[in-house]
Amino acid sequence: MTSAMASAPPQAGTEIFEHILAASSGLVVLDSKDVHELINQFRVIARHSGQAVYLWQPDTGLSSLRDVHVRVPDCQRLGNALRYMQQSMHFGVYLLVGLELPLSAMDATLLRQLARSPKDHLRRVVLIDVPAALAEHLGDLATHLRSEDSQPQRLRLRDGRWLV
């Protein structure tokens, strides 16, 4: 193994992705300062790891992050996408961006049901940068995460290199 391979930094976004997978709830509320950069990081993770990661946006519907041109049919509307996520029997991380209030009663019910999904079925629905009122409404049903570390990272010098 070369020294360049040994000193390769961990892939950006991997830590937050691991936190999402380890969440105690099927529903995760994620706050991020730079949503586009976060999605790009998840796209790279999906391509390199082969993980099934999907992105839902109001204008494009539900699409795969791993395969750019793959769209899930009939999932343009939020309710249809949530039903698809609920009925899927496969592993998946579903990122939802651009949710706006008010949600319909059916959409809110589907989100609560996804939060209570069985523990043996690994599916995570991640709401990115949702309005504060929705995050409060979901309360303890959702796991709340931030994409940035709450504490600043301290750099230290070791063997002539800066390490985190």
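The values are calculated or read from the model by the stated rules, or taken from the named source; none is laboratory data. The model shown is predicted, which means the values in this text are computed figures rather than measured ones. Note that each Cβ is placed from the backbone with ideal geometry, even for glycine, and that neighbours are counted across all protein chains shown.
Selection of the stretch 36-74 for residues being β-branched (Val, Ile, Thr) and in contact with a helix residue (DSSP H, G or I) (Cβ under 9 Å, 6 or more places away or on another chain) yields ILE45, VAL53, VAL68, VAL72. Listed by first and then second residue, the pairs with beta-carbon distance under 8 Å, at least 6 apart or on different chains, first residue in the stretch 82-95 and in contact (Cβ under 8 Å) with a residue 60 or more places away in the chain, second assigned to a loop (DSSP other than H, G, I, E, B) and surrounded by fewer than 18 Cβ atoms within 10 Å (Cβ to Cβ), are VAL93/GLN51; VAL93/ALA52.
Scanning the stretch 26-40 for residues that are surrounded by fewer than 18 Cβ atoms within 10 Å (Cβ to Cβ) and assigned to a helix (DSSP H, G or I) yields a total of 4. Being of a type in the set (Lys, Arg) and under 16 Å from GLY139 (Cα atoms) is the filter; apply it to the stretch 98-124 and report the residue that is modelled with the lowest pLDDT. Looking at the filtered set, the residue picked out is ARG116.
Within the stretch 46-62, the set of residues being out of contact with any Phe, Trp or Tyr (no Cβ under 6 Å at 6 or more places or on another chain), of a type outside the set (A, V, I, L, M, F, W, C) and under 20 Å from MET89 (Cβ atoms) comprises GLY50, GLN51. Would you mind stating whether GLY26 is of a type outside the set (A, V, I, L, M) and modelled with pLDDT under 95? Taking the combined requirement at face value, the residue satisfies it.
Residues of the stretch 128-164 being of a type in the set (D, E, K, R), modelled with pLDDT of 80 or more and over 16 Å from the mean Cα position of the chain (by Cα), which ones?
GLU136, ASP140 - these are the residues of the stretch 128-164 that are of a type in the set (D, E, K, R), modelled with pLDDT of 80 or more and over 16 Å from the mean Cα position of the chain (by Cα).
Might you let me know whether the stretch 63-72 holds any residue that is at positive phi and touching a residue at least 24 places away in the same chain (Cβ under 8 Å)? Looking through the stretch 63-72, none of the residues is at positive phi and touching a residue at least 24 places away in the same chain (Cβ under 8 Å). Number of residues in the stretch 63-81 that are loosely packed, with under 15 Cβ neighbours inside 10 Å and over 19 Å from GLY98 (Cβ atoms): the value is 4.
Looking across the stretch 100-133, the residues that are surrounded by fewer than 19 Cβ atoms within 10 Å (Cβ to Cβ), in contact (Cβ under 8 Å) with a residue 40 or more places away in the chain and within 20 Å of ASP59 (Cβ to Cβ) come down to GLU100, ASP129.
If you go through the stretch 41-51 and keep only what is in a loop (DSSP other than H, G, I, E, B) and either under 11 Å from the mean Cα position of the chain (by Cα) or surrounded by fewer than 16 Cβ atoms within 10 Å (Cβ to Cβ) (or both), you end up with just GLY50.
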